[in-house]
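Peer 1: Dropping a structure here in C-alpha cells format, bear with me for questions.
A short reminder: the numbers here are calculations on the coordinates, not readings from a lab. Note that the structure is predicted; figures quoted are calculated from it, not measured. So basically every Cβ, Gly included, is an ideal-geometry build from the backbone, and we count neighbours across all protein chains shown.
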Amino acid sequence: MRQHIDRRKGGTRLVHAALAALVALPVALVGSVRPAEAQPEEPLADLQIDEIAPRVVTVDGDRMLRITGTLTNTSDRSIEAISIRAQRGDPLESTGATLASLRGESETDAGSSEFVPIESPLPAGRSTDFTVAVPVDAPDGLGIDEPGVYPLLMNVNGMPDYGAQARIATADLLLPVVGVPDGAEAEPSTQPRTTLIWPLADEPKMVRNGIGGETILTDDELAGSLVGGGRLAMLLSAMEDSVPPASELSRSVCFAVDPDLLETVAAMRDGYRVQSAGGGLVDGVGSAAAGVWLMRLQDVAQGRCMVAMPYADADVVALSRAGRPDLVDLALDRGAAVVEEIVGTRPMDGFVWPADGVLDDQTLDTLVGSGAGSMLLHPRSLQGAPPQLTPTTLANAEAETPPVAVQIDPLISDVLAGSTTTGWRPQSMTAEAGSTVPPGVRDPVQDTLSMVMFRAIGDTSGEAAGRVVIAPPRRWQPEAEELSVLLGELGRLFDMGLAVPVPLSEGLTEPAGTSTLNYPAEAGAAELQASVSREVSRAATLAEEFGSAMSSDLSVPPESRTEPVDLMQPLQLGLLRGMSSSLRGDESAAMRVVDRAVDELTALRRQVQVNDPGIPLSLAASDSPLPLSVTNDLPVDIRVQVTLENSPGLRAASVQEFAVPAHNSRAIRVPAEVSRSGQFTTDVALRTPDGAGLGSPVRFVVMSSAYGTLTLILTIVAGATLILLVTYRLVRRIRAGRPGEGDGPNPNDRVPTDPEDGGNAADPGTEGTAADTDTPESGPTEISPDEPEPAASPQADDPDVGPRDAESTAAEPDPEDKAGPAEADDGEGSERHGSERHGSERHGSERHGSERQGGERAEASAGLTTGRGSTSSEKSGD
C-alpha cells in the first residue's frame with residue numbers, strides 16, 4: 001500500500017504524531033467526547049453501516065451487537081491510526097426527542113464501548129470494511145439495563161497527514177430493545193392499534209390497450225420486476241413467506257394496489273409488444289411471468305383488506321385544480337372496478353389514499369362528490385387532529401356526512417420515505433411538521449423498526465399514539481431481507497402483546513374530534529407542472545366532445561357490439577397516466593405520456609373523413625346543395641356536421657347533423673349558398689355537434705354557373721333599363737305616327753298633276769313639291785343644310801302600303817325614296833285606297849315599328865307606281 005511521506009520534515013512529523021497521541025489518550029480513556037466537539041468542519045471519511053445484528057435486542061437474544069460497515073477516505077490525504085467505537089444516549093421517551101434523534105441531534109454520552117482499531121493507514125479515495133462487536137449490557141459496552149429505543153453513534157477517529165488525531169466520520173443509529181438479555185422485558189402499555197399498508201404500484205408503462213387487442217408497452221422493465229428477485233415479485237414473496245393467512249400479522253395487512261398496474265399486467269398475460277430503441281416494436285418476454293404474478297396476487301390477497309389507489313396513482317389534487325372532476329370520478333370508479341375484476345377482492349368503498357397523503361379543500365369537495373367517505377392523510381395536511389393519531393372528522397367538506405381522515409404515522413412513514421433504495425424523494429418537511437433526516441444518512445429499515453418499537457414501548461408522554469398506520473412509499477424498493485425483518489419484528493410485537501393488529505377500517509365509524517385541512521406549501525410545489533394539467537384538460541375536453549357524438553351500432557348483436565365507452569375510456573385512462581404522481585418533477589416524461597394518449601385520440605378522429613371526389617363540383621344555381629360523401633371507419637355510429645372554410649362566395653345555408661353508420665359511407669347533400677360564379681376552392685371539414693374536429697379538411701374545386709349577387713343586381717338593372725328604353729321608343733313612335741286634328745292633306749282631295757313635271761303631283765300642304773324630288777332627268781336635288789329635311793312618310797315605312805297607294809305616297813314624299821315623277825298615282829287609285837290610307841294612319845305605331853321593311857316595300861311600290869303613273873295621267877287628261 002503506497003503512502004505519502006514528506007522526507008524533508010520527517011522528524012517534525014514524528015514529533016507532531018507523538019504529541020497528538022498524548023493529547024488523544026485522555027480523551028480515549030474518558031470516552032465522554034460529544035459527537036461534534038472533535039469533528040472537523042467537513043468529515044474526512046464516509047461511514048456506511050451495512051448490517052446490524054440483532055436489529056432488535058430481545059431477552060433471549062445475543063448479548064453482542066455486531067455492526068458491519070465500510071469506511072471510505074473522502075479527503076485528499078492519507079489517514080492513520082483509525083479506530084471506531086459505539087456510543088449511546090438515554091432511551092427516547094417523546095416524539096420530540098425521537099425527531100431530534102432522527103436528525104442526529106441526540107446526546108450520546110450515556111455509555112460507550114472501547115475503541116477498536118480499523119485497518120490503517122487508509123489512503124485518499126480508498127475504502128476498508130470493518131466489523132465491530134459491542135456488548136449490549138456490559139459496563140465496558142453500551143451498558144443497557146432496561147427496554148427502550150436508544151440512540152447510537154458510531155464514532156470513528158483517525159489522524160490525517162499533516163494533522164492531529166480527530167473524529168473523521170460518524171453514523172447515527174437507533175437500537176430498539178424489547179428485552180435486555182437475561183434481564184428486563186418490555187411490558188404492554190399503550191398497545192397501539194396497528195395497520196400495515198402494503199403498496200403495489202409502478203410507473204405507467206401502457207402505450208396502447210385498444211379495441212384491436214394489441215397491447216404495446218414503453219419498455220419491458222415490468223417483466224423483470226414480476227419474476228425472481230424483481231421488486232413486485234419480492235413484495236409478494238415477503239407476504240407469502242412471512243405473513244401466514246391466519247396470523248395476527250395478517251389481520252393488520254391491507255394491500256394498496258394501482259389499478260393501472262393490474263390492467264397492464266393482465267394485458268401482458270395475453271401477449272404484448274414493446275417499443276424498441278430504434279423506434280420499432282418487438283415482442284415482450286413477460287407474458288408467462290405476468291400470468292404467474294397475477295395468480296399469486298389473487299391467492300395472497302384473498303380474504304385480506306384491499307384499497308384501490310386512484311387509477312395510475314393520478315394526482316387528484318392537480319386534476320381538481322385543473323377543473324377536471326370528471327377525471328377524478330373516473331380515477332376512483334374505474335380503479336375500484338379493475339381491482340375487484342382482476343384480483344377478485346372488493347376494495348374498501350369510498351376510501352382514497354391521495355399522493356403524499358395531502359389534500360386541499362377543493363379536492364376534498366371533489367372527492368366527496370365522487371362518493372369518497374374516508375381518506376388516508378398525513379398529519380401535516382391536518383389542523384387540530386388528535387396527536388394520538390386516531391381517525392378524525394374533516395370539517396372542510398360540504399356534505400351531510402363529513403368524511404373521516406385516517407392518520408398516517410408520520411415518524412414511520414417519513415423514515416421509510418427517506419430510504420435511498422426506494423427511488424422516491426422524501427418529503428422536505430420542517431421539524432414542526434415531523435421532519436426526518438435527508439436520505440442516505442441512516443439505515444431506513446433499522447429506523448423503521450425503531451419507530452415501531454417506540455410507538456409500542458418507548459413513548460411515555462401523555463400523547464402517545466393509540467393508532468399506528470404504517471404507509472410505505474407507493475413504489476418503495478426494499479431488499480428481500482429487509483422486508484423479512486420488518487414483517488418478522490412487527491409480528492413479534494403482536495405476539496408479545498405490545499401492539500394490536502387491526503384492519504384499516506378500524507375507527508372509521510367512531511372518529512375522535514374534528515380537523516380541518518392544511519395543504520402544505522411544499523406539497524403544492526411537488527405537484528405535476530401546470531403545463532401538463534392544461535394539456536390533459538384540453539385533451540379531455542376534446543375526447544368528451546368526440547364521444548358525445550357516438551352511438552352504438554344496433555345492427556351488431558349485443559355480445560359483440562362495441563360501445564362508445566369502449567373507445568373513449570382507454571383514451572381517458574391514458575390521460576390519467578400522464579397525471580401519475582410517479583411523474584412528479586419530470587415534466588418531459590409526463591408530457592410524453594400525455595402525448596401518447598393524444599395521438600390515440602387523433603387516430604380515432606381521423607377514422608371519420610370527408611371523401612375527396614377528385615373532380616370539380618358543379619353548382620348550377622345559387623342554392624344548389626353541395627354533394628359530399630363521408631366515411632366512418634369507427635365501430636360505432638357517429639353524428640357529424642359539415643363546415644366550409646376558406647371559401648369566399650360559398651357558405652353553408654344551415655348547420656345540419658348527419659348520422660353516419662359504423663364501418664360505412666354516406667352520401668350527403670349540404671345546403672349551401674353561392675354568391676359568386678366561376679371556379680374557386682373551398683375547404684370542407686367535419687366536426688361533432690359539440691365542436692370536435694374530425695378527420696382532415698379536404699379542399700374541393702367548385703365550378704359555379706349561378707349568378708352571384710353582384711352579377712344578379714347588374715343583370716336586373718340592365719334588363720330594367722332595356723325595358724324602359726324600349727318603352728320610351730315605342731311611345732315616341734306611337735306619338736309620331738298619329739297626326740293632329742286638321743293637319744295633313746285630305747285623302748279625298750284630288751291633287752292636279754302638271755304634265756311638265758313628269759306627272760308628279762304636288763301637295764300644297766306639304767313641305768316638298770314635285771320639283772324638289774329627284775328624277776332621272778334632273779338628278780338628285782341639292783338640299784341646303786339650312787333647310788330642314790322633309791318629314792318621313794309613315795306610309796313609306798308601312799309594309800302594308802301597296803302599289804295602289806300612289807296618291808298618299810306622292811302627297812307625303814320620303815327623302816329616302818329615289819323615285820321619279822311617275823310616282824304620282826291617278827285619282828282612281830287614291831279613291832280606291834282612301835280607306836286603307838286612313839287605316840294606316842290609325843296604326844302608325846305598327847308602321848313605324850317596321851321602318852326598314854316599310855322603306856324597302858315603299859321603294860318597290862314606287863317602282864310599280866311609276867309604271868302606272870302615265871296611264872293615270874292620261875285618264876285624267878281625258
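Peer 1: Order these by the 10 Å Cβ neighbour count, fewest first: 378, 663.
Peer 2: Fewest-to-most Cβ neighbours within 10 Å comes out as 663, 378.
Peer 1: From the Cα gyration tensor of region 468-627, with a ≥ b ≥ c the square roots of its eigenvalues, which class applies: rounded if a/c is under 1.5, or else prolate if a/b is larger than b/c, or else oblate? Walk me through the intermediate numbers first.
Peer 2: Details: a/c = 2.99, a/b = 2.53, b/c = 1.18.
In terms of gyration-tensor shape, prolate.
Peer 1: If each residue's Cβ is checked for other Cβ atoms within 10 Å, how do 107, 240 rank with the fewest at the top?
Peer 2: Fewest to most other Cβ atoms nearby, the residues stand as 240, 107.
Peer 1: Quick one: net charge of residue 378's neighbours, Cβ under 11 Å, K/R +1, D/E -1?
Peer 2: For residues surrounding residue 378, the net value is -2.
Peer 1: Could I ask something else about it? Please list the equivalent ellipsoid semi-axes of region 270-424, computed as the square roots of five times the alpha-carbon gyration tensor eigenvalues, in descending order and whole angstrom.
Peer 2: One finds semi-axes of 32, 19, 18 Å for region 270-424.
Peer 1: Can I ask one more? Could you line up 401, 631 from fewest to most neighbouring Cβ atoms inside 10 Å?
Peer 2: Working: 401 9, 631 16.
Lowest to highest Cβ neighbour count: 401, 631.
Peer 1: Quickly work out the residue 277-to-residue 76 label distance, labels modelled 7 Å from Cα along the C-beta direction, and quote it in nm with one decimal.
Peer 2: 3.8
Peer 1: Related question: Mind listing P(r) for region 177-311? All alpha-carbon pairs, 10 Å bins, whole percents.
Peer 2: 11, 34, 26, 15, 8, 4, 1
Peer 1: For region 74-226, what does the convex hull of the Cα positions come to per residue, in cubic angstrom?
Peer 2: Taking the convex hull of the Cα positions in region 74-226, it is 226 Å³ per residue.
Peer 1: Label-point separation (nm) for residue 129 and residue 333, each offset 7 Å from Cα along Cα-to-Cβ?
Peer 2: Placing both labels 7 Å beyond Cα along the Cβ direction yields 5.8 nm.
Peer 1: Quick query: amide H of residue 149 versus all other amide H atoms, modeled in the peptide plane; which residues come in under 5 Å with a sequence gap of 5 or more or a different chain?
Peer 2: 92, 177
Peer 1: For region 608-706, what size does the Cα cloud have along each of its three principal axes, sorted from largest down, in whole Å?
Peer 2: Ordered largest first, region 608-706 gives principal extents of 41, 26, 19 Å.
Peer 1: Let me ask something additional. For region 130-199 and region 484-536, what is the separation of their C-alpha centers, rounded to whole Å?
Peer 2: So the two Cα centres are separated by 28 Å.
Peer 1: Based on alpha-carbon centroids, what's the gap between region 630-693 and region 591-618 in Å, whole number please?
Peer 2: Cα centroid of region 630-693 versus Cα centroid of region 591-618: 15 Å apart.
Peer 1: Still on this structure: Which three extents, in angstrom, do the Cα atoms of region 547-637 have along their principal axes, listed largest first?
Peer 2: The principal-axis extents, from largest down, are 62, 37, 21 Å.
Peer 1: Can you pull the three principal axis extents for the Cα set of region 166-233, in Å, largest first?
Peer 2: Computed over the Cα atoms, the extents are 68, 45, 21 Å.
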